[in-house]
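A.B. asks: After the structure tokens below, expect a handful of questions from me.
The values are calculated or read from the model by the stated rules, or taken from the named source; none is laboratory data. Since the structure is predicted, the reported quantities are computational estimates derived from the model, not experimental observations. In case anyone asks, the SASA skips ligands and DNA or RNA and just uses the protein heavy atoms, side chains included. Shrake-Rupley method; radii C 1.70, N 1.55, O 1.52, S 1.80 Å.
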Amino acid sequence: MTPRQRRNHIEALGKAASAPRKSWLGKSMLLTGIQSAWIKSLLTTWGEGVSGGTAPRLPRAHACWDVLKGGRWSDKALSRFTAALEQARAEGFRGPQALNRAHAILWPQPATSIIDEAMRDDDVDFVEQSVLQALDVNDPVYIVGLQYYTTRKKISDITRELQSIAPWLTDWEARKRVRWCLEIFRAKVFLSTRKLLAEQS
């Protein structure tokens with residue numbers, strides 16, 4: 001992290017620490033259980049694909065999202081996709097490879113061309129595009145979400161970092177603010193993903 005990125009990071013965490021309520025950090029929608037599981041699976045896979053970087057790369061293209069366009073954007077479709085992604089992760093696949101495996105579980109096909117494989121590798125980029133369109137890179141919600149999904153930091157690690165910046169917060173208060181950020185992050189990325197898919201229809 002460069003000194004400037006570090007300053008922006010600390011400033012964003014300071015804003016999160018001073019949030020008196022969840023709505024102060026941004027508008028959010030309550031996701032259903034299936035929607036929440038789906039976006040968590042995607043973000044976890046995306047995080048594995050971009051871990052080590054300080055920010056998402058600019059997106060290029062995307063492939064397997066066509067199956068969720070139009071009328072197929074349903075809880076049943078999200079649930080099937082989430083189950084396939086979890087199966088891929090259970091089999092040991094991570095990042096873009098997990099998305100490729102989930103795609104193969106749902107839509108098995110004969111040997112694919114190099115072009116098809118390259119298109120599937122861009123699926124992580126599609127999630128990045130959704131993240132970048134949903135949030136500003138200096139937004140505290142973005143900073144916390146990025147930390148949680150692209151590093152090995154847990155909620156407790158981010159809570160401690162928040163307390164080091166705002167020592168007046170109790171453990172419970174700091175943890176609550178981290179959870180607010182993650183809830184808003186997931187909801188905004190979910191809405192952004194759905195909007196991008198609708199635009200592609």
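A.B. asks: In what sequence, largest accessible area first, do TRP168, TRP38 appear using a 1.4 Å probe?
C.D. replies: The residues order as TRP168, TRP38, largest area first.
A.B. asks: Determine the gain in length on full extension of the stretch SER23-GLU173; use 0.36 nm per residue of separation and subtract their C-alpha separation, reporting nm with one decimal.
C.D. replies: 52.5 nm is the gain from fully extending SER23 to GLU173.
A.B. asks: What order do THR151, THR45 take when sorted by accessible area (1.4 Å probe), most exposed first?
C.D. replies: Most to least solvent-accessible, the answer reads THR151, THR45.
A.B. asks: Find the accessible area per residue for segment 120-201; the probe is 1.4 Å, ligands and nucleic acids are left out, and the unit is Å².
C.D. replies: For segment 120-201, the solvent-accessible area averages 44 Å² per residue.
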